[in-house]
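To start, the structure itself, in structure tokens.
Where a number appears in this text, it was derived from the coordinates with a stated rule and is not lab data. Just so it is clear, the model here is predicted, and its values are computed rather than measured. As a convention, Cβ positions derive from the backbone with ideal geometry for all residues, glycine included, and neighbour counts pool all protein chains shown.
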Amino acid sequence: MADTRNADLTFGANDYLMYLAPLNTVAPTAFADPSAAWINLGWVTTDGGLFKIEDESKDVDAAGSLQPIRTLMTRSTKSLQVTFLEGLNPAVRSLYDNVPLASIEPTTGVTSYDLPDKPNDLRYAFVADTMDGDKRMRFYMPNGKVVERGDEQPQTSDVMNVQMTFKFYKGSSGAAVKRFIDFGDLDVSGFFAG
């Protein structure tokens with residue numbers, strides 16, 4: 001077997017961008033700037049985003065066997081945790097406070113709104129872009145919502161971080177998450193012998 005190791009296949013993101021748009025908005029053309037329908041959620045911490053896939057299964061046991069006779073794959077949950085640095089970004093505020101973005105629009109520079117007593121099921125489409133030189137990765141999620149929120153702590157020693165975890169669901173036209181990869185100038189043909 002050929003040695004296909006290549007240090008250029010490592011990926012160290014030098015930027016991380018996240019956008020939201022109305023639920024089931026069509027994915028932007030791969031690696032093109034998103035259209036005006038997409039709102040940039042601003043600066044994020046240098047940790048970028050933590051994407052997780054959690055698969056769940058159920059073993060089927062039967063008499064006469066000490067091992068399961070079958071394993072059923074029951075669920076595959078995709079989530080993304082991001083810590084935003086722009087605590088006053090209206091779109092970030094809307095997501096964190098679980099209120100529609102329109103309810104945050106200020107009049108004369110001031111806004112006020114009630115935090116919901118019962119959680120709203122606010123869903124949006126999301127795009128997350130990472131770059132490493134000419135290599136790029138993009139996640140497109142047509143149907144997602146915030147399912148966990150970190151603690152909010154305004155402080156004098158640092159900016160107020162706004163941490164959220166998003167969970168993604170199937171969209172009207174496909175999977176919960178679609179990944180795009182631009183390998184840049186890298187030749188990866190050795191992985192696809194044929």
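Apply the a/c threshold of 1.5 to the C-alpha gyration tensor of the stretch 51-128 and tell me whether it is rounded, prolate or oblate. Verdict is prolate for the stretch 51-128. As a rough guide to protection, the peptides 150-160, 127-137 ranked by mean Cβ packing within 10 Å, highest first, stand as 127-137, 150-160.
Taking the Cα centre of the stretch 38-194 as reference, the dipole from Cβ charges on Lys and Arg (+1) and Asp and Glu (-1) amounts to some 640 debye. Pairs exceeding 24 Å between alpha-carbon atoms, taken from LYS118/LYS178; LYS118/LYS145; LYS58/LYS178; LYS58/LYS118: LYS118/LYS178; LYS58/LYS178; LYS58/LYS118. Taking the Kirkwood radius as Rh and the Cα radius of gyration as Rg, the stretch 155-194 has a ratio of Rg/Rh equal to 1.27.
Going by the alpha-carbon gyration tensor, a ≥ b ≥ c the square roots of its eigenvalues, is the stretch 1-86 rounded (a/c under 1.5) or, if a/c is not under 1.5, prolate (a/b greater than b/c) versus oblate? It comes out prolate by the Cα gyration axes. Full extension of the segment from LEU85 to ALA62, taken as 0.36 nm per residue of separation minus the current Cα-Cα distance, would add 3.0 nm. Looking at the stretch 150-193, the chymotrypsin sites (Phe, Trp or Tyr not before Pro) that sit in a DSSP loop and have at most 10 other Cβ atoms within 10 Å of their own Cβ are PHE192.
A crude spin-label estimate for the pair ALA7 and ASP182, with each label 7 Å from Cα along the Cβ direction, gives 2.5 nm.
Of interest is the spacing of the C-alpha centroids, which for the stretch 107-174 and the stretch 33-60 amounts to 9 Å. The order of the peptides 107-114, 141-148, 84-91 by mean Cβ neighbours within 10 Å, most packed first, is 141-148, 84-91, 107-114. Across the chain, Cα pairs under 8 Å and at least six residues apart give a relative contact order of 24 percent. From least to most packed, judged by other beta carbons within 10 angstrom and beginning with the fewest, LYS170, LYS178, LYS118 follow the order LYS118, LYS170, LYS178. For the chain, the gyration tensor built on C-alpha atoms gives an oblate shape. Its axis ratio a/c (a ≥ b ≥ c) is at least 1.5, and a/b is not larger than b/c. Using 0.36 nm per residue and subtracting the Cα-Cα separation, the extra length available between THR108 and ASP121 on full extension is 1.8 nm.
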